[in-house]
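Values quoted throughout were computed directly from the atomic coordinates according to the rules given, and no laboratory measurement underlies them. Worth saying up front: this structure is predicted, and the values here are computed from it rather than measured. Note that we place each Cβ from the backbone using ideal geometry, even for glycine, and neighbour counts take in every protein chain shown.
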């Protein structure tokens, strides 16, 4: 019996919570036992507590990546812009691209910089509810010039306006909309 994505997300949240509780319990038990039995407890248990915390953070990171990997369009529609960029970075990273994120502000029209086989690509990510206009195509072109890239792509979870499609065709910008998101055409 296959589990739905919602059930999987609930299992993941439960797993994260259980890992967190176990790490906290481990730390409390170590400290409590050492206080009673051994006055020199602090250094050794500090190392144990740090190790437990690091393991917990790694587990949380891995669970978040697993949840992003199996993301549906409905979930993408609920992401923030930064989460959408992270999702795209994860997709491209899995396909062998070297992914570099630009700063959140002053990114000069690029959210991601991709490199594969010596070809540099600028990605402008737009997580919108409404159709994406020609301003995004212009931003991607700006990023292509600023970062000295070979290609530029605008990716959205929505659709593009006719003006954006016309500008992209004339300037060589690749447009990836909701129908192509996650498909093999994204990586050409």
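Simple spin-label estimate for residue 178 and residue 115 gives 3.6 nm between the two label positions (7 Å along the Cα-to-Cβ direction from each Cα). Site pair residue 101 and residue 163 shows an inter-label distance of 3.2 nm when each label is modelled 7 Å from Cα along Cα→Cβ.
Extending 7 Å from the Cα toward the beta-carbon at both residue 129 and residue 77 defines two label points whose distance is 1.0 nm. For the stretch 79-187, the gyration tensor built on C-alpha atoms gives a rounded shape. Its axis ratio a/c (a ≥ b ≥ c) stays under 1.5.
Note: relative contact order over the stretch 75-188, using C-alpha pairs below 8 Å and six or more positions apart, is 21 percent.
Using the Cβ-Cβ distance between residue 108 and residue 57 with R0 set to 30 Å, the FRET efficiency from 1/(1 + (r/R0)^6) comes to roughly 0.40.
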